[in-house]
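The values are calculated or read from the model by the stated rules, or taken from the named source; none is laboratory data. Just so it is clear, the model here is predicted, and its values are computed rather than measured. For neighbour counting, all protein chains shown are included, and Cβ atoms are generated from backbone atoms with ideal geometry for every residue, glycine included. Accessible surface areas use protein heavy atoms only, side chains included; no ligands, DNA or RNA. Shrake-Rupley method; radii C 1.70, N 1.55, O 1.52, S 1.80 Å.
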Amino acid sequence: MRLQVLAIAAVMMTSAFVSVAQARGSSSGVMATLNAYMYNNTTEVTAGGGTASSDSKVSIYDIKLGYLTGNGLYLGGLYTMRNSTNGSNSTDGKNLGASVGYVGASGFFIKGHYILSAEYGDLKEGSGLQADLGYINNVTGNFLVGVELTYRSVEYKKDESNASVDKYKMTELFPMLTVGFVF
């Protein structure tokens, strides 16, 4: 009896995985996603009867466009826009890179990006790596929503505001929200 229950459970699980894999196969095509990270901070300090406040904001947007095969292989590109504001000082940046990854039938994915070109304010001639680990799900039709954890490490070779800098390396780890389409 126990063997029969295990056999039935195995058949049910196998058929569930096969149906998920078949549904995943129909999701091949061009995949376009927008990923967003925003962090806002306001600090107030009261001292000597006076109050001073400061605002800082960071926003990072990744635009990813690539081809998703029926077996889950993803090949594409990455374009990043970022802005950091601290009080009245604002710094803009951008990255451009190539991507490869795997998007599983269940929605979990991993993507690796080689950043070919990066700039951030006075920092120029940057290159580096980015890795994304996350989950996406079809909400309706081809519309996707998800979350990811992004690791990014970029090394800049030139600082236009300080010629004595040989290299400047920025490494980050942050969560991002994802919206996208497969068409």
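Some notes on this structure:
- Scanning the stretch 80-95 for residues that are of a type outside the set (Val, Ile, Thr) and within 13 Å of the chain's Cα centre (by Cα) turns up Met81, Arg82, Asn95.
- Within the stretch 32-44, the set of residues being at pLDDT below 95 and open to solvent by less than 80 Å² (accessible area, probe 1.4 Å) comprises Asn41, Thr43.
- Pairing each residue of the stretch 36-65 that is in contact (Cβ under 8 Å) with a residue 40 or more places away in the chain with any residue that is open to solvent by 80 Å² or more (accessible area, probe 1.4 Å) and among the hydroxyl-bearing types (Ser, Thr, Tyr), provided the two are 6+ apart or on different chains, yields C-beta distances under 9 Å for Ile60/Tyr39; Asp62/Tyr79; Lys64/Tyr79.
- Whether a residue is surrounded by 13 or more Cβ atoms within 10 Å (Cβ to Cβ) and modelled with pLDDT under 95 was assessed, and Gly48 does not pass this test.
- Annotation: of all residues in the stretch 161-183 being surrounded by 13 or more Cβ atoms within 10 Å (Cβ to Cβ) and among the β-branched types (Val, Ile, Thr), the one that is nearest to Ser117 (Cα to Cα) is Val165.
- Looking across the stretch 62-71, the residues that are within 15 Å of Ala32 (Cβ to Cβ) and open to solvent by less than 70 Å² (accessible area, probe 1.4 Å) come down to Asp62, Lys64, Gly66, Leu68.
- Boolean, Gly77 is farther than 15 Å from Val182 by Cβ and touching a strand residue (DSSP E or B) at 6+ places or on another chain (Cβ under 7 Å): yes
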